[in-house]
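Below is one structure, written out as structure tokens; the observations come after it.
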Amino acid sequence: MGPRIDPVGEPEGREHEFHAVIDADGRIEPRDWMPEAYRKTLVRQIAQHAHSEIIGMQPEGNWITRAPSLKRKAILMAKVQDEAGHGLYLYSAAETLGVGRDELLDLLHSGRQKYSSIFNYPTLTWADMGAIGWLVDGAAITNQVPLCRCSYGPYARAMVRICKEESFHQRQGFEILLTLARGTAEQKAMAQDALDRWWYPSLAMFGPPDAESPNSERSMRWGIKRFSNDELRQKFVDMTVPQAEVLGLTVPDPDLRWDEERGHYDFTSPDWEEFWRVIGGDGPCNEQRMAHRVGAHAEGAWVREAATAYAAKHAGRQVGAA
Amino acid sequence: MTRHAAAPGSWDGRATPASALPPVAEYSLRLGDDALVLAQRLGEWVSRAPQLEEDVALANIGLDLLGQARTLLTYAGEVEGEGRDEDDLAYLREERDFRNLQIVERPNGDFAVTIARQLAFSAYQLGLYRSLCGSADATLAAIAAKAVKEVDYHLDHATQWVLRLGDGTRESHHRMQAALEQVWPYVDEMFDADELTSVLAGEGVAVDPAALRPPWDATVSAVLARATLTRPEPGFHGRGGRRGLHTEAMGQLLAEMQHLHRSYPGASW
Amino acid sequence: MSSRDWPLWEVFVRGRRGLSHVHAGSLHAPDATMALRNARDLYTRRQEGVSIWVVPAAAITASSPDEKDPFFDPAADKAYRHPTFYHVPDGVRHL
């Protein structure tokens, strides 16, 4: 290690510069110096977000072949296709941090990286397509909009693209439920049943209570996280309860009530024991989701290898327009 | 004319014919059912493709085909004039009233089988729609004009994969060749002419399927040759789809597709 | 094995005549032909009049963020995304 030549060049100087960018609400870009912990946290957060998108294709993909109208079939296929695309944008953002997609997929397949636990629940009826669009995508959007201003450039830009495309997802979910709620008695019961099963898992999507989230504070200082788990959860409840009233459906929470003093809804928290159990692997669909994902990847290996072999055979002949 | 039209004494000679529709409606339904059934099959690939980029690509093709199906079915219903819309036709018809080719209803198989089917069918659709752009029926001509661009892309996609699988690894070559063997028995049916196509082609409305064969042969043979694959000589030829006679796979497909809609008669979704 | 061998491509899209190509993101593909098609599906969903460039990430030469500082040699780094950068131990200034 030589003598200090210029403060900007030294690790301390770089760290100072890094924090200056963050404090000025600027963007850290791939070639910038960043604390190793910042990079590691981002890789994990972005990758797990990507994994969630692709695992999320399964519960919804489950209903494409059975969609009850051609219009709904088309909308659902487009939605799930978007999710694949979102996964791709996010893997792309994660790769700018120096980790390859294959490595990230290995981490997913081996269980060392996670995906949003909401997808460990089953989609049992068509109404679940409505509930997922309305509640799950609704919760995701509540989480994602602030991330459009996250400090890491590629992640923020991916989030802007995702939020733009996601605008129709939540609306069409709500529309599915509205149609059911105004339909036959059986359809209305189907919609209510879906709300009953998806309400609490959706609340849990925002993560454990602030008091039990030790890393949140550091993520907020780094501009990776803009609002706390509880803040986002409250915001989601406040937005969603009036929507349930429009639907004419009942939120499955007997203690839900508007608190005039606070200016927010009081609500029952999700069962955190269930949350930790499911995240730990003891959910209705964990094994199925992973088996499906790992299976698809394994079955596709010969295809990927073939494409690689072909490219090697024909290398050097692909210049210019393709 | 179809050389294998049902004859007295043949196993399907007395099979209940598909219910009669005005000719243009019938024709539109054939094209629409082809697209609908293949879209249904492609929908099964979502979340199962060999690479995430391929989930996007296959969904793309499926969505294009579903779009074609919806306009063609809607048009068929309009021409029929009995108030049937796209969903009535898709969800409430019995199997015997579906007019799709057998090639599109066959199970997906592995990725190679799906790609072999896409190559054969998209090459057929491209020739069909290109001709149909000049249809005397303005609606069919307009549908064809939009579809040509889409199908051109589908054929390109299938071609790229046939090349890579045929001329990739030993395993992929073997699987791709086996896939062709599985799909080829259903090729001839695409080019069968019958009374309906003869009458409508005569009026400049429809395309004579037999006329599509030579350019199809040229296109497909070129791709197979570049891919180091051999064109199969099938031992049997599946036929009957246009008369509503399908393979055993069709019943399963329709059961899955129609069940929810049929469970709630008259409901809106 | 598997897509470890599918290289990374950076994608640039010109949305309309009169605009320049803008970096849209990246994807993995075995070769340029497939990269272009995947980029079309992923980043444009077939809009009319769009131009797409795909470039192997390894072919991109990037400037170092420190170039403006006269005390450091300008470093023409190989890759837009440089995986080994973050494993460099403290105290080493050049890459």
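A single entry from A:139, A:93, A:156, A:131 fulfils the requirement of being part of a helix (DSSP H, G or I), touching a strand residue (DSSP E or B) at 6+ places or on another chain (Cβ under 9 Å) and open to solvent by less than 20 Å² (accessible area, probe 1.4 Å): A:93.
Filtering the range A:169-203 to residues that are under 20 Å from residue A:69 (Cβ atoms) and of a type in the set (Lys, Arg) leaves A:171, A:182, A:188.
Quick check on my filter: what residues within the range A:169-194 are within 14 Å of chain B (Cβ to nearest Cβ) and under 17 Å from the mean Cα position of the chain (by Cα)? Matches in the range A:169-194: A:173 only. The condition of being in contact with a Leu (Cβ under 6 Å, 6 or more places away or on another chain) and closer than 28 Å to residue B:157 by Cα holds for only one of B:57, B:120, B:35, that being B:35.
Just checking, which of A:123, A:96 is at pLDDT below 95, more than 8 Å from chain B (Cβ to nearest Cβ) and in contact with a Pro (Cβ under 6 Å, 6 or more places away or on another chain)?
A:96
Scanning the range B:166-190 for residues that are within 14 Å of chain A (Cβ to nearest Cβ) and either assigned to a helix (DSSP H, G or I) or buried (at least 20 other Cβ atoms within 10 Å of the Cβ) (or both) yields B:166, B:168, B:170, B:171, B:172, B:173, B:174, B:175, B:176, B:177, B:178, B:179. Is at least one residue of the range A:80-90 closer than 22 Å to residue A:274 by Cα, in contact (Cβ under 8 Å) with a residue 12 or more places away in the chain and open to solvent by 10 Å² or more (accessible area, probe 1.4 Å)? No, the range A:80-90 has no match at all. Exactly one residue out of B:49, B:69, B:76 is small (Gly, Ala, Ser), free of Cβ contacts under 8 Å to residues at least 60 places away in the same chain and facing chain A (nearest Cβ under 9 Å), and it is B:69. Among the candidates A:287, A:245, A:231, the residue that is under 28 Å from the mean Cα position of the chain (by Cα), under 30 Å from residue B:54 (Cβ atoms), free of Cβ contacts under 8 Å to residues at least 40 places away in the same chain and away from chain B (no Cβ under 14 Å) is uniquely A:287. Flag set for residue C:2, criterion: at pLDDT below 50 and either in contact with a Cys (Cβ under 9 Å, 6 or more places away or on another chain) or surrounded by fewer than 20 Cβ atoms within 10 Å (Cβ to Cβ) (or both). Only one of the numbered conditions (1) open to solvent by 10 Å² or more (accessible area, probe 1.4 Å); (2) under 28 Å from residue B:254 (Cα atoms) is not met by residue B:138, and that is (2). In the range A:20-37, the residue that is nearest to residue A:121 (Cα to Cα) out of those that are open to solvent by 30 Å² or more (accessible area, probe 1.4 Å) and away from every other protein chain (no Cβ under 13 Å) is A:25. Screening residue A:12 on (1) modelled with pLDDT under 90; (2) at the interface with another protein chain (Cβ under 7 Å from one of its Cβ atoms) shows it passes everything except condition (2). Kindly indicate whether any position in the range A:65-78 is more than 26 Å from residue C:40 (Cβ to Cβ) and either more than 7 Å from every other protein chain (Cβ to nearest Cβ) or part of a helix (DSSP H, G or I) (or both). Yes, that holds for at least one residue. Restricting B:29, B:63 to those that are modelled with pLDDT of 95 or more, open to solvent by 10 Å² or more (accessible area, probe 1.4 Å), under 18 Å from the mean Cα position of the chain (by Cα) and over 21 Å from residue B:187 (Cβ atoms) reduces the list to B:63.
Residue A:40 fulfils the conditions (1) over 23 Å from the mean Cα position of the chain (by Cα); (2) without any contact (Cβ under 8 Å) to a residue 40 or more places away in the chain; (3) open to solvent by 50 Å² or more (accessible area, probe 1.4 Å) except for a single criterion, (1).
Of B:37, B:104, all but one fail to be within 12 Å of chain A (Cβ to nearest Cβ), on the phi < 0 side of the Ramachandran plot and at pLDDT 95 or above; the exception is B:37.
Flag: residue A:43 matches the condition of being away from chain B (no Cβ under 14 Å), out of contact with any strand residue (DSSP E or B) (no Cβ under 7 Å at 6 or more places or on another chain), in a helix (DSSP H, G or I) and of a type in the set (Val, Ile, Thr).
The set of residues in the range B:191-231 that are over 14 Å from residue B:123 (Cβ atoms) and open to solvent by less than 10 Å² (accessible area, probe 1.4 Å) comprises B:197, B:200. Of all residues in the range B:219-240, exactly one satisfies the criterion of being basic (Lys, Arg) and free of Cβ contacts under 8 Å to residues at least 60 places away in the same chain, namely B:231. Residues in the range A:208-258 that are among the small types (Gly, Ala, Ser) and modelled with pLDDT of 95 or more were compared, and the one that is most open to solvent (accessible area, probe 1.4 Å) is A:248. Only one of A:303, A:294, A:237 is under 16 Å from residue A:199 (Cα atoms) and among the hydrophobic types (A, V, I, L, M, F, W, C). Can you tell me which? After applying the criteria, what remains is A:237.
Each row is one residue, and each column tells you yes or no for (1) of a type in the set (Lys, Arg); (2) modelled with pLDDT of 95 or more; (3) more than 17 Å from the chain's Cα centre (by Cα); (4) assigned to a loop (DSSP other than H, G, I, E, B).
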position	(1), (2), (3), (4)
B:214	no, yes, yes, no
B:220	no, yes, no, no
B:225	no, yes, yes, no
B:231	yes, yes, yes, yes
B:250	no, yes, no, no
B:254	no, yes, no, no
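Is there a residue in the range A:109-128 that is over 16 Å from the mean Cα position of the chain (by Cα), assigned to a helix (DSSP H, G or I) and crowded, with 21+ Cβ neighbours inside 10 Å? Yes, that holds for at least one residue.
The values are calculated or read from the model by the stated rules, or taken from the named source; none is laboratory data. None of these values were measured; they are calculated from a predicted model. Reconstructed Cβ throughout: ideal geometry from the backbone, glycine too, with neighbour counts over all protein chains shown. These area figures cover heavy atoms from the full protein model, side chains too; ligands, DNA and RNA do not enter into them. Shrake-Rupley method; radii C 1.70, N 1.55, O 1.52, S 1.80 Å.
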